[in-house]
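What follows is calculated from the coordinates using simple rules that are stated; it is not laboratory data. As the structure is a computational prediction, the values presented were derived from the model and not from experiment.
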Amino acid sequence: MNPRRGLSLLLAVLCGLVVGSGARAIDPAELPDPTMQARYEELIHEFRCMQCQNEALADSPVSLAGDLRREIRELLLAGKSDAQIRDFLVARYGEFILFRPRFSLRNAWLWLGPGLLLAFGAWVGWRVLRERESLLASDPDSLEDEVPRP
């Protein structure tokens, strides 16, 4: 076999794989209404796959994610609102299914903790700088007097 022909065949196969890989979809199902399809796409990106745990339902290839996507499609076709679908899935799987958990007293420390720690760190830094300034101002011996000049 001609080496050029083998190389061109290999390149053609690789190009086919690259182009074909983008066409493969995890969930090819389409809803009849474009607005409902947009809602569906948004919803499946909001929920976490319970088996993969760090992938959205839209990106997960496991069967549990497929079942949840089917459940969301059926709820949308039944006329449920986005909030009702979220409430249904949270009641069934807990807050962990949400990529953006809701603010509640139970998880308030997650939302408020970083801001409080940042404010506390800024306050400590301000206090340290203020103490250093007061120590330097109250020092009777200047640092310039102690350093010999060449």
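Return the tail of the calculated pair distribution for region 29-102, meaning the percent of Cα-Cα pairs more than 19 Å apart. Before the final figure, lay out each step's value.
On the way: 700 of 2701 pairs.
Of the Cα pairs, 26 percent sit more than 19 Å apart.
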TODO: For region 69-122, would you read off the P(r) tail past 13 Å as a percentage of all alpha carbon pairs?
DONE: 68
